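Here is the structure we will look at.
We did not get these values from a lab; they are worked out from the coordinates using the rules stated. Remember, it's a predicted structure, so these values are computed and weren't measured experimentally. Here the Cβ is made from the backbone with ideal geometry for all residues, glycine too, and neighbour counts use every protein chain on show.
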Amino acid sequence: MFSQFKNIDTAFKHIRLFSLFLIVCCMVISCFAIYQYYRFYNLKDQRIYILYNGKLLTALASDRKSNLPVELRDHIRTFHQYFFALVPDDKAIKASVTRALYLADESAKKQYDNFQENGYYNNLIAANISQEIIIDSIQLDVDRFPYPFRCFATQKLVRSSSTVFRKLVSQGVIDDLKNQTDNNPHGFLIRRFELLENRAEQLKPEAP
């Protein structure tokens, strides 16, 4: 009789172990199924369908973090183009600088006010000088926030009698506004903008 109880107790232990093993297996399978579902769901969300020339094309969207350096450099480049690429026309200068000021804070406005007080824009208009800018390189640190940058560029000041090249070096940090607008498509803002260097490099007389 005692051996029967012993056998029943052993069988019960085996059944309990088997039940626990089965429950663990079911939980593992369920978790794996949920993981796969969300993985597939995220991949589906990243798939973009583009209609081009009557054809449906498929593309995969990437997250912003993978494109962050590209977007930051484009923001810096765009700001400098608006701020420094100017024509000898008062309305055109104001319109271009206004676009630039959407991309930066009051530190850029302060630099604009300094240029105005020094008669910089009036000299461009009076001498009929067109100002272009070429971005040579941009140093950027995406491991620190706000993202510090330093921009190396060449200014080209063209007038009827000569062309002057100036070396321009600027720096600042970039904040993420988390909000994109028509005037600021990347949603970044340049802060603590300052010019480190802005000096004449070369004078090239125009050929007659």
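Here are a few things to note about the model shown:
- For the pair residue 164 and residue 144, a Förster radius of 25 Å applied to the C-beta separation gives a FRET efficiency near 0.10, rounded to the nearest 0.05.
- Spatial separation of Cα centroids for segment 155-170 and segment 130-149, in angstrom: 20 Å
- Using a cutoff of 8 angstrom between alpha carbon atoms and counting only pairs six or more residues apart, the relative contact order for segment 87-208 works out to 25 percent.
- Quotient of the Cα radius of gyration of segment 67-205 and 2.2 N^0.38 Å, N being its number of residues: 1.05.
- Proxy reagent accessibility, fewest Cβ within 10 Å first, across 80, 14: 14, 80
- Extending 7 Å from Cα along the Cβ direction at residue 123 and again at residue 15 yields two label points whose distance is 9.8 nm.
- Here the residues 21, 149, 193, ranked from fewest to most Cβ neighbours within 10 Å of their Cβ, fall in the order 21, 149, 193.
- Other residues with beta-carbon under 12 Å from the beta-carbon of residue 193 carry, at +1 per Lys or Arg and -1 per Asp or Glu, a net charge of +1.
- Residues 26, 151, sorted so that the one with the fewest Cβ neighbours within 10 Å comes first: 26, 151
- Length gained on full extension, residue 136 to residue 114, computed as 0.36 nm times the residue gap minus the Cα-Cα distance: 5.4 nm.
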